[in-house]
Amino acid sequence: MKRLSLILSLIFLVSLSSLGYAGVNFGMTGAIKERVEKLDETVKAVKEPTEEEKEEAKLKVEEASGLFEDAMDLLGESQTSGDENYETAVESLKKTNSLFKEALEKDPNNPEANLGAAITEILLLGEDTEIKEAIEKLQAWLESFGGSFMGSPIFMAKRLQTSQKGKAMSAFDVLEDKPPTMSELQDIIKNKVLPEIDYIIKRLEVVENSSWESTTYEVTLDSEAIKDFISSSFDYSEMFDSEDGEDAEGIIDEILAGFSRDGEVNVEIDKTDVYVYNGMLQLFKSVLSGFCAWNLDIVYEDFEDPEKTKTAVMKIIEKQSPYKKFLTLKDSEMLKTAGNSLDASAAKLLTAMDLLENETDDQQNDLIPQPDTYDEVWEKVKHALNQVRDALKGPTTIDFTYYDPEADIPELKINLDAFYFTSQIQDLRDYIIPAVEKWPWDPPYSEEPEFKDIDGDGLTPDWNDPTFNGILPEMTNEKLNEYMLSLNLFQ
Ligand SMILES: [Ca+2]
Ligand SMILES: [Ca+2]
Ligand SMILES: [Ca+2]
């Protein structure tokens, strides 16, 4: 699983720098304030460390930081030298992680111990035996379709369509281990991954609320190796059409420009970076919690070929066994957690943007250096993040012309509070499936479904509830058809 851990470490490095473009208001939200206050309580509950304990913690942090730098170097080298260095790097990271945790036991408020524990913990996440096993099985299954772990989830549907009939099934049958069910994956995420993420978020919050300013790590960078790694993980040609593929490569080049300082370099991590890191983690938490909230169990064999897929889709729509509960809400609290984390994510990123604007130190070694100018895009990103936060509180109007004066899309009122909190949908199928007179499996068995024109305006498809349970409060079928036309859907 060399790849996955490297991907995680790169998520840390690359996301931090790429979000330098995105990326800040000091007004913390009520929810976060509450969390921080709670955290403060637990920290206060622990007895104040003695001066001696604080000193011991500092010594451990120093030792751990040295080890951390060595481990990062080994991790970088393993890119070219192979698995042996990789294993050593992982062992070294594990030791570093325990040392930072020992320092935390002595002094739970030591900012660098919290930061070190947070960084090493995320790097080691992919090394957890259970997580690793689940991912390996999934990867083996996905590779049986001829894809890589990174590319497949997004393009699996396309591959399924184009793979020769029967080929996928035989590949599936020769697999020793069946992939985990969606429920099994959800359990691993709930019981293993989310608690880890919460632990890391708590560590970062201690750093955010401390008087700590920055820490500099000396690491060895090889930008070519990083670039090779990224291009081997993503197949641009497949992810985008050729023009967009070049764009994607351009963006990656730009991100990597920040890492063009090859060899021994100092990388300074400061509060801006900590807020970005935390914002990314909150977003990750939101996505994972959302994934765990719904019943997504499918029988993988049902999607092996187009014929079987058709039957499975019919069973899903008609709510027949084994898909009676597919797409129903499984865990209401998880969906609320997803909403809260999304809000926390936007709040953290907005704080990071403010902090970055206000940095006055030398930017040469900064992990996320200040941009040359804070242009329109910078302001638009802030506006978008604020809109996400507003929509999570209640109906919010999105004026697309603010983002793009040429935009030919009418204003949209959206209420994410309804989706995540106040009127959670119990069965997504009741809302996302358009109103249909006859399905292809109803007589006279036509190829396409026959849509119902509910409002009689001659345009279809229509939905029984075009507001989607209040998520789009002022939506009508007429307006929905307009949006679909402007977005080129159903044409
Ligand atoms: Ca600096
Ligand atoms: Ca900085
Ligand atoms: Ca209509």
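Only the coordinates and a few stated rules stand behind these numbers; no lab work does. Nothing here was measured: the structure is a model prediction, and the numbers come from that model. Reconstructed Cβ throughout: ideal geometry from the backbone, glycine too, with neighbour counts over all protein chains shown.
Charge tally around T422: other residues with Cβ under 13 Å, Lys/Arg +1 each, Asp/Glu -1 each, net +1. Peptides 271-281, 477-487, 192-202, ordered by how many other C-beta atoms sit within 10 Å of their residues on average, highest first, read 271-281, 192-202, 477-487.
Taking neighbour Cβ counts within 10 Å as the exposure measure, how do I298, I432, I316 sort from fewest upward?
Numbers: I298 14, I432 11, I316 18.
In order of increasing Cβ crowding within 10 Å: I432, I298, I316.
D for the stretch 411-491, whole µm²/s, Stokes-Einstein with Kirkwood Rh over alpha-carbon pairs at 10 °C and 1.306 mPa s: what number? Result for D is 115 µm²/s.
For the stretch 316-356, what class follows from the C-alpha gyration tensor (a ≥ b ≥ c being the square roots of its eigenvalues): rounded when a/c is under 1.5, otherwise prolate if a/b is larger than b/c, else oblate? It is prolate, given that a/c is not under 1.5 and a/b is the larger ratio.
Sort the following peptides by mean Cβ neighbour count (other Cβ atoms within 10 Å, averaged over residues), highest first: 47-56, 302-311, 116-125.
Working: 47-56: 12.4, 302-311: 14.4, 116-125: 23.2.
Highest to lowest by the protection proxy: 116-125, 302-311, 47-56.
Here the simple spin-label model places points 7 Å from the Cα toward Cβ, and for T422 and K54 these points are separated by 4.7 nm.
What pairs in K348/K382; K271/K413; K315/K336; K308/K438; K413/K479 have C-alpha atoms more than 23 Å from each other?
Numbers: K348/K382 11 Å; K271/K413 35 Å; K315/K336 29 Å; K308/K438 20 Å; K413/K479 12 Å.
From K348/K382; K271/K413; K315/K336; K308/K438; K413/K479, over 23 Å: K271/K413; K315/K336.
Counting pairs of alpha carbon atoms under 8 Å apart in space and at least six apart in sequence, what relative contact order in percent does the stretch 394-486 give? Reported relative contact order: 26 percent.
Please give me, ordered by residue number, the GluC sites (Glu not before Pro) of the stretch 378-433 that lie in loop per DSSP and have at most 13 other Cβ atoms within 10 Å. Before the final figure, lay out the partial values.
Working: sites: E379, E406, E411; in loops: E406, E411.
Loop-located and lightly packed - E406, E411.
How would you classify the stretch 338-488 from its alpha-carbon gyration tensor, with a ≥ b ≥ c the square roots of the eigenvalues: rounded for a/c under 1.5, else prolate if a/b is greater than b/c, otherwise oblate? Could the numbers behind the result be given before it?
Details: a/c = 2.90, a/b = 2.32, b/c = 1.25.
It is prolate, given that a/c is not under 1.5 and a/b is the larger ratio.
Mean sequence separation of contacting Cα pairs (under 8 Å, at least six apart), scaled by the length of the stretch 309-445, corresponds to a relative contact order of 27 percent. Reported to the nearest whole Å, the Cα centre-to-centre distance from the stretch 277-300 to the stretch 67-122 is 26.
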